[in-house]
Amino acid sequence: FFFFPEILILIATDTPFRPPSSNFRGVQQQIVDKHNDLRRGVTPPASNMLKMEWNTIAAENAKNWAKQCTLSHSPRMKRVVKGIVCGENLFMSTVATPWPAVIQSWYNEEKYFKHGVGPVPQDAETGHYTQIVWYKSYQVGCYGTYCPSAGFSYYYVCHYCPGCSCTPGLNGQLCLSAVPWFHSQPCSGSCLSRPQPDNRTFK
């Protein structure tokens, strides 16, 4: 498997404000809810999309990396949760940005993605989007920090477990990331052997 962590940079001119810390449960729930709202609304509808939940280990890994203020991706070994390599989305901005806006900006790459085909045009950036809607990812942990010495002062990191994977196809077959979820009849219950018994797919 190959993992595709991504970076998004925003140069903003809006009035800056301080976003609430993802250390607070209310903010954690806001992050989870935003992801689930977006995953629930994918087109075509998903039949096997797992419900996202907060993972404290992933959040701690995201925090540890964000505080490095490298403004680059972490090594795979830095985003492992219980033996599973997690995906990573990065966001950089000149001003503080609320978490829902950060997550929405990643999802907005949807306009360049065609389900079953992949990026359109082929070189379009869609890695943030496919990570958010990757059906097997069911845990997320995020952290945002202030990096005054960096060119982009505000640095946001989210880790997704397990990460969006892509198996290079043979003989022109599609990469798995071109089909980040399955589309068939809606789930009447569970569509997958769930990693945890209390996780539920969307109906």
Residue count, the range 22-33 (criterion: free of Cβ contacts under 8 Å to residues at least 24 places away in the same chain, more than 15 Å from the chain's Cα centre (by Cα) and surrounded by 11 or more Cβ atoms within 10 Å (Cβ to Cβ)): 0
Members of the range 102-134 found to be farther than 13 Å from Trp181 by Cβ, touching a residue at least 60 places away in the same chain (Cβ under 8 Å) and within 13 Å of the chain's Cα centre (by Cα), listed by number: Ile103, Gln104, Ser105, Trp106, Tyr107, Gly127, His128
Looking only at the range 63-100, and only at residues there that are in a loop (DSSP other than H, G, I, E, B) and among the charged types (D, E, K, R), the one that is surrounded by the fewest Cβ atoms within 10 Å (Cβ to Cβ): Lys82
Residue among Thr145, Thr130 that alone is in contact with a Cys (Cβ under 8 Å, 6 or more places away or on another chain), crowded, with 24+ Cβ neighbours inside 10 Å and polar (S, T, N, Q): Thr130
Selection from the range 136-189 of residues that are modelled with pLDDT of 90 or more, among the hydroxyl-bearing types (Ser, Thr, Tyr) and in a loop (DSSP other than H, G, I, E, B): Ser137, Tyr138
Breaking point among (1) at pLDDT below 65; (2) touching a strand residue (DSSP E or B) at 6+ places or on another chain (Cβ under 7 Å), for Tyr112: (1)
Residue, surrounded by the most Cβ atoms within 10 Å (Cβ to Cβ), within the range 45-61, restricted to residues that are small (Gly, Ala, Ser) and assigned to a loop (DSSP other than H, G, I, E, B): Ala46
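On the basis of being under 14 Å from the mean Cα position of the chain (by Cα) and either part of a loop (DSSP other than H, G, I, E, B) or closer than 25 Å to Gly118 by Cα (or both), does Asn36 make the cut?
When the stated conditions are applied, Asn36 passes them.
Residues checked against (1) in contact (Cβ under 8 Å) with a residue 60 or more places away in the chain; (2) touching a Cys at 6+ places or on another chain (Cβ under 7 Å); (3) of a type in the set (Phe, Trp, Tyr):
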{"residue": "His35", "(1), (2), (3)": "yes, no, no"}
{"residue": "Ser47", "(1), (2), (3)": "yes, yes, no"}
{"residue": "Met52", "(1), (2), (3)": "yes, no, no"}
{"residue": "Thr70", "(1), (2), (3)": "no, no, no"}
{"residue": "Pro75", "(1), (2), (3)": "no, no, no"}
{"residue": "Lys78", "(1), (2), (3)": "no, no, no"}
{"residue": "Cys86", "(1), (2), (3)": "yes, yes, no"}
{"residue": "Pro100", "(1), (2), (3)": "yes, no, no"}
Unique match (being of a type in the set (S, T, N, Q) and either surrounded by fewer than 18 Cβ atoms within 10 Å (Cβ to Cβ) or closer than 13 Å to Phe91 by Cβ (or both)) among Gln139, Gln104: Gln104
Test: residue in the range 6-16 that is within 15 Å of the chain's Cα centre (by Cα), charged (D, E, K, R) and at pLDDT 90 or above: no
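The values are calculated or read from the model by the stated rules, or taken from the named source; none is laboratory data. Keep in mind the model is a prediction, meaning the values are calculated, not measured. Glycine gets a Cβ as well: all are built from the backbone with ideal geometry, and neighbour counts include every protein chain shown.
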